[in-house]
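Below: one structure, written as structure tokens.
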Amino acid sequence: MKLDSDDFELFGLHRRFAQDRAVLDARWRSLQAEVHPDKFAAEGAAAQRVAMQWAVRVNEAYQRLKDPLKRGAYLCELNGVAIGAENNTAMPTAFLMQQMEWREALDDADGVGTVEALADDVAAHRKQALDELGRTLDDRSDFTAAAQQVRALMFIDRFAQDVEKRLEALGQ
């Protein structure tokens with residue numbers, strides 16, 4: 001293992017959006033067992049510090065790879081296309097209209113049932129968008145289009161969090 005390996009190399013995975021979560025989890029556990037600082041206790045403080053760096057590196061890679069949105073963004077960046085969400089918020093008109101409709105629906109929601117229905121609609125849109133992101137990355141290798149899709153998914157995720165907060169406020 002090399003610290004400068006990308007996350008996929010570190011985990012021994014192909015650079016693809018589609019990943020088997022069980023394989024990813026098993027590989028994470030295996031890597032953690034290899035690099036856990038306690039394993040190096042007899043080798044002294046320097047070896048434990050290096051092991052800690054490895055443990056942190058493995059955990060960071062795992063967090064990126066297990067989250068489909070982070071994994072998609074990472075694949076774009078590995079292929080030279082920055083997501084640039086901070087300064088690139090341009091979205092297609094239809095997408096913006098959908099966001100506005102959802103915001104209005106959340107503002108107008110008068111009960112748990114209405115907010116739960118909105119949450120279901122958002123979850124369905126998110127799943128569809130993730131499926132499309134997978135096709136864009138794995139089948140078409142169109143990293144520019146994928147970056148746009150990642151930015152859209154970031155909007156969807158933020159809105160889904162707002163819906164969850166609303167449900168929590170309603171006692172659900």
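Bear in mind that the values in this text are calculations on the coordinates, not laboratory data. This is a predicted model, so every value here is computed, not measured. Reconstructed Cβ throughout: ideal geometry from the backbone, glycine too, with neighbour counts over all protein chains shown.
Below 8 Å, C-alpha to C-alpha, sequence gap of six or more: please give me the relative contact order for region 104-158 in percent. Let's see the in-between values first.
Details: 20 pairs, mean separation 16.1, N = 55.
Rounded, it is 29 percent for region 104-158.
Less than 13 Å Cβ to Cβ from Met100, Lys/Arg counted +1 and Asp/Glu -1: what total charge do the surrounding residues give?
-3
If R₀ is 45 angstrom, what is the calculated FRET efficiency for the pair Ser5 and Asn88, using the beta carbon separation as r and rounding to 0.05?
0.95
Cα gyration tensor of region 7-66, axes a ≥ b ≥ c as square roots of the eigenvalues: rounded (a/c below 1.5), prolate (a/b > b/c) or oblate?
prolate
For Kirkwood radius over Cα pairs in Å, one of [x] 18.4; [y] 20.8; [z] 16.1 was computed from the structure I shared and the rest are decoys. Which label?
Given [x] 18.4; [y] 20.8; [z] 16.1, the calculated one carries the label [x].
So how much slack lies between Leu167 and Val112, counting 0.36 nm per residue of separation and subtracting their Cα-Cα distance, in nm?
Roughly 19.1 nm would be gained on extension.
Applying 1/(1 + (r/R0)^6) with R0 = 30 Å to the Cβ-Cβ distance of Gln99 and Glu60, what FRET efficiency is obtained, to the nearest 0.05?
0.45
Tell me the mean residue ellipticity at 222 nm calculated for the chain from its helices only (DSSP H runs of n ≥ 4, each -39500 (n - 2.57), averaged over every residue, nearest 500).
Rounded to the nearest 500, the figure is -23000 deg cm²/dmol.
Using the basic label-point model (7 angstrom from Cα toward the beta carbon), what is the Ala18 to Ala145 distance in nanometres?
Using points 7 Å along Cα→Cβ, the separation is 1.7 nm.
Please compute the modelled spin-label separation between Ala33 and Ala46, points set 7 Å along Cα→Cβ, answer in nm with one decimal.
In this crude label model, Ala46 to Ala33 measures out at 2.9 nm.
At a threshold of 8 angstrom on Cα-Cα distance, excluding pairs fewer than six apart, so keeping six or more, what relative contact order does the chain reach in percent?
Relative contact order of the chain: 24 percent.
Using the 10 angstrom Cβ neighbour count as an exposure proxy, how do Met1, Met100 rank, fewest first?
Sorted ascending by nearby Cβ count, the order is Met100, Met1.
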